[in-house]
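Trainee: Below: one structure in structure tokens.
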Amino acid sequence: MLSASDKSYQETKKIMLGKEKMNSDFKPLACFIDNTFHVKVVNIVYDTIRSGLTRLNICFEFEYESQSFNVNGERCTNFDKRKQQIIANKFGQTADNEKYKTKDIFIFFSAFKPVAMIEATNKISLEKLQKQLDNKDIWTISRLFTAVTFFLYTDEQLKIYQNSSVKKSWADNCFNLLKINDKFDYFKRNEFDIYLDSKENFDNNYKSNWMYYYKS
């Protein structure tokens with residue numbers, strides 16, 4: 001579940017919204033995973049990619065649940081092979097072998113909430129937001145994942161606005177637009193803020209290149 005366009009995300013979203021249910025073929029496996037690892041499986045997606053590799057995506061709502069299947073339960077690391085094998089073995093026992101390939105299947109894990117938050121952020125109309133604020137000191141508004149950055153023109157303007165009440169009002173406006181598409185109420189105002197930067201910094205230190213800026 002890498003983006004909002006992924007099949008696994010779209011399927012899981014419908015389940016989260018109560019519009020669909022998990023494929024009943026996978027419910028015995030989901031119950032086993034829940035009881036064995038003390039998590040809550042939302043969806044299980046079976047597919048085969050172009051290389052011929054058959055996969056089983058175990059979808060949870062929260063990232064801490066998916067991360068619990070990593071080595072030592074840590075972020076940005078390899079999956080725990082022991083847990084993968086336990087699940088693969090159980091799938092082989094519970095699945096209809098005429099419908100599903102169970103041998104040499106790749107088990108992986110994903111979380112719904114982070115992608116849903118990115119999707120909601122991406123639906124903010126930045127043009128509408130900038131027009132709504134109507135402030136000549138704002139050069140542009142940019143975003144990456146769930147981070148929204150307001151660019152002033154100069155470093156001097158950046159210093160002026162950084163800890164101002166104006167910045168808070170900008171964040172309020174941004175949050176209000178964000179909540180329109182926050183279908184699962186994941187964003188909380190006391191946890192949300194915007195970032196400020198300057199065109200001067202963008203031009204001088206990143207060669208006016210968004211790729212350089214967001215790779216840093």
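Any read-out appearing in this document is the output of simple, stated calculations on the displayed coordinates, not a laboratory observation. Keep in mind the model is a prediction, meaning the values are calculated, not measured. Glycine gets a Cβ as well: all are built from the backbone with ideal geometry, and neighbour counts include every protein chain shown.
Trainee: So which chymotrypsin sites (Phe, Trp or Tyr not before Pro) in region 98-162 end up in coil per DSSP with only 14 or fewer other C-beta atoms within 10 Å?
Mentor: Qualifying residues, ordered by number: Phe145.
Trainee: Between Asn78 and Lys21, what length comes free when the chain is fully extended (0.36 nm per residue of separation minus the Cα-Cα distance, one decimal in nm)?
Mentor: Residue separation times 0.36 nm, minus the Cα-Cα distance, leaves 17.6 nm.
Trainee: Another question about this same structure. Work from the charge dipole of the chain (Cβ charges, +1 for Lys and Arg, -1 for Asp and Glu, about the Cα centre) and give the residue of Ala30, Leu126, Tyr212 farthest towards its positive end.
Mentor: Value: Ala30.
Trainee: Next question, about the same structure. Please give me, ordered by residue number, the GluC sites (Glu not before Pro) of region 61-151 that lie in loop per DSSP and have at most 14 other Cβ atoms within 10 Å.
Mentor: Here the sparse-neighbourhood loop sites are Glu74, Glu98.
Trainee: Enumerate the whole-percent occupancy of each 5 Å bin, from 0 to the last occupied one, for all C-alpha pair distances of region 7-117.
Mentor: 2, 12, 23, 26, 21, 13, 3, 0
Trainee: At a Cα cut-off below 17 Å, give the lysines reachable from Lys83, other chains included and same-chain residues fewer than 8 away excluded.
Mentor: Lys40, Lys103
Trainee: For an R0 of 22 angstrom, estimate the FRET efficiency from the Cβ-Cβ distance between Asn209 and Asn122 and round to the nearest 0.05.
Mentor: For R0 = 22 Å, the calculated efficiency reads 0.55.
Trainee: Considering every Cα-Cα pair within the chain, what fraction, in whole percent, is farther apart than 26 Å?
Mentor: The answer is 49 percent, as a whole percent.
Trainee: Stretched out fully, how many nm does the piece from Leu133 to Asn89 gain, at 0.36 nm a residue minus the Cα gap?
Mentor: Gain on extension, Leu133 to Asn89, equals 10.2 nm.
Trainee: Let me ask you something else. Within region 123-209, list the trypsin sites (Lys or Arg not before Pro) lying in a DSSP loop whose Cβ has at most 15 other Cβ atoms in a 10 Å radius.
Mentor: When the trypsin sites (Lys or Arg not before Pro) of region 123-209 are filtered for loop state and at most 15 Cβ neighbours within 10 Å, Lys123, Lys136, Lys183, Lys188, Lys207 remain.
Trainee: With +1 on each Lys and Arg Cβ and -1 on each Asp and Glu Cβ, how big is the dipole of the chain about its Cα centre, in debye rounded to the nearest 20?
Mentor: Magnitude of the dipole: close to 440 debye.
Trainee: Mind checking the log10 I(q)/I(0) for region 139-182 at q = 0.14, 0.26 Å⁻¹? Debye, one equal scatterer per Cα, no solvent, two decimals.
Mentor: Taken in order of the listed q values, log10 I(q)/I(0) reads -0.36, -1.04.
Trainee: Calculated from DSSP H runs of 4 or more alone, at -39500 (n - 2.57) each and per residue, what is the 222 nm mean residue ellipticity of the chain, nearest 500?
Mentor: It lands at -13000 deg cm²/dmol.
Trainee: Any chance you could list P(r) for region 123-215, counting all Cα-Cα pairs in 10 angstrom bins from zero, rounded to whole %?
Mentor: 15, 49, 30, 5
Trainee: So if R0 is 45 Å, what FRET efficiency would Asp172 and Ser51 give, r being the distance between their Cβ atoms, rounded to the nearest 0.05?
Mentor: My answer for the efficiency is 0.40.
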